Amino acid sequence: MILLSSNLLMAKKYLYSLLICLTLTIAIVPKVFSTTNSTCNYHPEAYEGLQLAQLSQELETTGLIGRIHGAAAESAMYVMSVREPNNFFSHREFSLLANEQNTIDTLNQLNRHDRVCIQGNIIENPSPQKHIAVSSIQIVEPWMQPEGFAPYERQAGIPAELKEQTSFIGKVHAIGAEGKILVVEYRDSVIPIYVKATEYTEGLYRGDIVKLAYQIQQRPQQPTHLQLDTTVEKPLAVLDAIASWHDRENTLTGNLVKFPRSPQLKFDVYAMEVDTMGIKRYFTLINFENMEEFQNIRLKLAKIWDENAANAVSGRNMLINPQVTIQAQGITNIVSTEQANPQILLDNAEQVQQLS
């Protein structure tokens, strides 16, 4: 009976998560882009179910339309998301590669959230992460940086010390295909890890802090790929599992963060940067059960943000104010292995306060 109640509670919280995500997100139905030729026309039926054969057909003919998930010119890493027409939560990610200089130059101009039309073909590679050899790319709807903020500047390529080390501590950025796809953040670099032995990666959550032993792959040279070093006793160790935070009451302190309205967010979403073992996590501040209280929380945080906006700077995929420290008391909520950020469930706006 106790187990059943626990399962029902978990299901309820998961449904609340879906509800708030549906509220935060805009169902993305790409526009039809008419041109003087037959390229970049959107055919919704081709995106239903995200079947690789249908997407490949679009890619090789009129063009595959999606949004840039991540773009790092300094490490030659570009990823595009393609979504089902009427299901925001159903999506596939493709890594983008190019050989022609004109195409490379266009890739180098890409920004997160740009809507693009790509022609090319899916290439064979040993990873379940699909790669596209891009023959042409059009930016059909550029994403504008929030007014007054310069684009975030990453470090150049993979940190030099990783080429001299054999292990590092980082944060899981993405996990998929039952552990075969693993991407880890180290400082502000996002590094793909080639995985053969999934027994070391199964059960990981996005946001886990891990220590992994690695070798640098000879190919591809750009972007740099690492592979788990399975010759050591423990190639991957979870130092702090984000799932262990679930359903715990916490009082957390950190800098105020803002995820501006975007194609994925219907309105600004506020969060806090929390340091764990020297690794930054970003906890969104949420109320699932009472939309009026959630509105009050957002209004309070917006007021704090606006009053201190002069000190805010660009982060990798957010804005952050290093001069504003807030404290939040609530229940931490993690319901999915692929949850973008952990959440703090607040009953009301009084549970979040500005400290400085």
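Which whole number of Å³ per residue matches the convex hull of the alpha-carbon atoms in segment 228-319? Working shown, then result.
Working: hull volume 14.8 nm³, N = 92.
With only Cα atoms used, segment 228-319 gives 161 Å³ per residue.
If you count only protein heavy atoms with a 1.4 Å probe, what accessible area per residue comes out for segment 44-141, rounded to a whole Å²?
Result: 44 Å² of accessible area for each residue.
Tell me the carbon and sulfur percent of the accessible area for the chain, rounded to whole percent, probe radius 1.4 Å. Walk me through the numbers before you get to the answer.
Numbers: 8890 of 17950 Å².
The nonpolar share, carbon plus sulfur, comes to 50 percent.
Need the full-extension length gain, Gln101 to Thr253, defined as separation in residues times 0.36 nm minus the C-alpha distance. One decimal, nm. Don't skip to the answer; put the middle values down first.
Values: separation 152, 0.36 × 152 = 54.72 nm, distance 4.67 nm.
Result: 50.1 nm gained on full extension.
Once you have the Cα-Cα distance between Ala310 and Gln145, take 0.36 nm times their residue separation minus that, and quote the gain in nm to one decimal.
Details: separation 165, 0.36 × 165 = 59.40 nm, distance 1.64 nm.
Between Ala310 and Gln145, full extension yields an extra 57.8 nm.
To the nearest 10 square angstrom, how much accessible area does Tyr194 have with a 1.4 angstrom probe?
Around 50 Å² of this residue is reachable by solvent.
Take the residue pairs Lys196/Lys258; Lys211/Lys266; Lys130/Lys163 and return only those whose Cα atoms are more than 32 Å apart. Numbers along the way, then the final one.
Numbers: Lys196/Lys258 37 Å; Lys211/Lys266 36 Å; Lys130/Lys163 26 Å.
Among Lys196/Lys258; Lys211/Lys266; Lys130/Lys163, the Cα-Cα distance tops 32 Å for Lys196/Lys258; Lys211/Lys266.
Starting from the residue with the highest accessible area, list Asp306, Asp208, Asp247 in decreasing order, probe 1.4 Å. Don't skip to the end; give the middle numbers.
Numbers: Asp306 105, Asp208 5, Asp247 75 Å².
Largest accessible area first, the residues go Asp306, Asp247, Asp208.
To the nearest 500 deg cm²/dmol, what mean residue ellipticity at 222 nm is calculated for the chain from DSSP H runs of n ≥ 4 alone, each contributing -39,500 (n - 2.57), summed and divided by the residues?
Helix-only estimate at 222 nm: -5000 deg cm²/dmol.
May I ask you to list the aspartates and glutamates whose Cα is less than 18 Å away from that of Lys171, ignoring any residue fewer than eight positions away on the same chain?
Of all the aspartates and glutamates, those that pass the test against Lys171 - Cα under 18 Å, at least 8 places apart if same chain - are Glu161, Glu185, Asp188, Glu202, Asp208, Asp229, Asp240, Glu273, Asp275, Glu338.
Just tell me which aspartates and glutamates come within less than 13 Å, Cα to Cα, of Lys300; anything on the same chain fewer than 8 places away is out.
Asp268, Glu292, Glu350
Hey, of (1) 0.96; (2) 1.10; (3) 1.39, which did the structure itself give for Rg/Rh (Cα atoms, Kirkwood Rh) when calculated?
Structure-derived value, by its label: (1).
The values are calculated or read from the model by the stated rules, or taken from the named source; none is laboratory data. Just so you know, these numbers come straight off a predicted model, no measurement behind them. Ligands, DNA and RNA are excluded from the accessible area calculation, which covers all protein heavy atoms including side chains. Shrake-Rupley method; radii C 1.70, N 1.55, O 1.52, S 1.80 Å.
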